[in-house]
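The values are calculated or read from the model by the stated rules, or taken from the named source; none is laboratory data. Quick caveat: nothing in here was measured; it's all calculated off a predicted structure. No Cβ is skipped: glycine too gets one built from the backbone with ideal geometry, and neighbour counts run over all protein chains shown. Remember, those area values only see protein heavy atoms, side chains included, never the ligands or the DNA or RNA. Shrake-Rupley method; radii C 1.70, N 1.55, O 1.52, S 1.80 Å.
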Amino acid sequence: MSKYIIEGGKKAQGEIVINGAKNSALPILSASVLCNKCVIHNCPGLTDVKAALNILEHLGSKYKIEGNTVILDNSNIVNNNIPDDLMREMRSSIVFMGAVISRCKGAEISYPGGCELGPRPIDMHISAMKKFGVSIEEKGGYLECKVKDKLKGCVINLPFPSVGATENAMIAAVNADGNTTIYNSAREPEILDLADFLNKCGAEISIDKTGTIYIEGVKKLCGEAEHTVISDRVEAATFLCAAAVTKGEIMLKKARAEHLTSVLPIFEEMGCFVKSSSEGIYIKGTENLKAPKLIRTMPYPGFPTDMQSPLMSAAAVSDGTSVFVENIFESRYKHVAELTRMGANIKTEGKVAIVTGVPHLHGAVTRCTDLRGGAAICIAALNAEGITQVNEISHIERGYENFDGKLKALGLEIKRER
Ligand code: EPZ
């Protein structure tokens, strides 16, 4: 199993380009099942993207990868089943549900995998599909999804703005008979990017200021589409944390400040200087990093759960005490045990973590607990005195393209070893 060896104490300096967003690319690849030929630019090179391509290939799709562009030919989708081993590769496999049901008038899929962040049910996905007239039966760990004739447009009131359930419902609605309205939908930038992609395919989707999504079902999509995935706000925030803990000065090209409105003010509160422009986001760290007072994770535009763990590593080496409240996932503090091995002072109780900053962390042998938790450990290691060994980095490679290469490009000491 591969690992990173990180020597802390260097300052991050220079510029890097932020990749396309994983959480946009994955639902867009699922939605591509509805469109025969697609060219997707700025698609990040990640193991989760490879997992999505493996599912597409199993369904009958053919693809080529040229740099960060994926060229898909979905004209011959022949299978409507997704086997358990492919489904378990990642959580986002569930977003194939709406697309396959719509295209093949049915689907047979098992349950998705993904990061262990506590129970991750799919009840909202299932009840949304039922609203479209899909009958769903569980047989031997598989969900047998059947449609009599066509999916029927409907009104969906999500009990919580689930990102994945919103995406599945949007995709299913595109070719349904009649109109669909999704209330209390997720409003993440990745949802807008998916709508943008589907509209380029010929869908009729509009979203009002409250985030309600209106979809006019169309008989057929245009069959060819080209789209560029938006840049990854979680990757950008992770590198902002790298600059903060190393008192560095970096430019994140292509990072989009308008997707980070609840995040950038926290870095300013911590004493960093942040400037955004059409080119990207510039950050200059400070010698006296101050603890952010209160971080409460919320659906967008609130503070994102995916940025909670990297920011906690910055809070762990700042001056003062921070309170974190994780409101989205039940078990997203697994990285805390690893940070504690490195000398962090963090106490958790249910949803709450109290982080009391220490002047310096120290190197240790650690392991990635999940994707963002793994990134958080690397951020902490950049500050730590001595060497940190970060095991099980396959978690990180699910969501960050060339993570070690980008840190190296910023002058930081990191080696990937087998
Ligand atoms: C997406 O996951 C992201 N994944 C996650 O990114 C992100 O953390 C999450 O949204 C929240 O922003 C992708 O986009 C591929 P949800 P998703 O449905 O769609 C509960 C990362 O590190 N829920 O909005 O799975 C659920 O258990 C990751 O990049 C139900 O109860 O998130 C959770 O508590 C990991 N029933 C909450 O809703 C359901 O049917 C939010 O989940 C669905 C969800």
Exercise. In nanometres, what is the gap between the two model label sites at residue 65 and residue 284, each 7 Å from Cα along Cα-to-Cβ?
Worked result: 3.9
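Taking 0.36 nm per residue of separation and subtracting the Cα-Cα distance, what length does fully extending residue 418 through residue 84 add?
117.4 nm
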Exercise. When the chain is treated as a GNM, springs tying every alpha-carbon pair under 10 Å, which of 365, 70, 229 comes out with the largest mean-square fluctuation?
Worked result: 365
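To the nearest 20 Debye, how big is the dipole of the range 1-88 about its Cα centre, given +1 on the beta carbon of each Lys and Arg and -1 on that of each Asp and Glu? Before the final figure, lay out the partial values.
Working: 9 positive and 8 negative charges, 39 e Å.
With only Lys, Arg, Asp and Glu charged at Cβ, the dipole is about 180 debye.
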Exercise. Restricting to the range 162-319, what percent of DSSP beta bridges are antiparallel, rounded to 5?
Worked result: 90
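Averaged per residue, what accessible surface does the range 253-314 expose to a 1.4 Å probe, in Å²?
On the way: 2700 Å² over 62 residues.
On a per-residue basis, the range 253-314 sits at 44 Å².
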Exercise. Round to a whole number: what % of the accessible area of the chain belongs to carbon and sulfur, probe 1.4 Å?
Worked result: 49
Seminar exercise, completed: To the nearest 0.05, the calculated FRET efficiency linking residue 296 and residue 160 through their beta-carbon distance, R0 being 25 Å, is 0.95
Exercise. Which value, in Å² rounded to 10, gives the accessible area of residue 124 with a 1.4 Å probe and all protein chains present?
Worked result: 40
Exercise. Hey, which of these cross-link pairs are over 18 Å Cα-Cα: 62/254; 131/209; 50/253; 11/406; 22/415; 209/275?
Worked result: 62/254; 131/209; 50/253; 22/415; 209/275
Exercise. Which three extents, in whole angstrom, do the alpha-carbon atoms of the range 237-369 cover along their principal axes, largest first?
Worked result: 40, 31, 26
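To the nearest 20 debye, what charge dipole does the range 249-334 have about its Cα centre, counting +1 at the Cβ of each Lys and Arg and -1 at the Cβ of each Asp and Glu?
Numbers: 10 positive and 10 negative charges, 26 e Å.
Computed about the Cα centre, the dipole is about 120 debye.
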For this session: Determine the per residue accessible area of the range 1-155 with all protein chains present and a 1.4 angstrom probe, expressed in square angstrom.
Result: 41
Exercise. Per residue, what volume in Å³ does the Cα convex hull of the range 217-266 take up?
Worked result: 107
Exercise. Where the Cα atoms of the chain are projected onto their three principal axes, how long is each span, largest first, in whole Å?
Worked result: 64, 44, 41
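With contacts defined as alpha carbon pairs under 8 Å and 6 or more residues apart, what's the relative contact order of the chain in percent? It would help to have the intermediate numbers written out before the result.
Working: 1053 pairs, mean separation 88.2, N = 418.
It rounds to 21 percent for the chain.
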Exercise. Counting every Cα pair in the range 182-231, what percent are over 14 Å apart?
Worked result: 51
For this session: Show that you can apply the helix-only estimate: for the chain, add -39,500 (n - 2.57) for every DSSP H stretch of four or more residues, divide by all residues, and state [θ] at 222 nm to the nearest 500.
Result: -8500 deg cm²/dmol
Exercise. Which of 265, 304, 121 moves most in a GNM of the chain, Cα contacts under 10 Å?
Worked result: 121
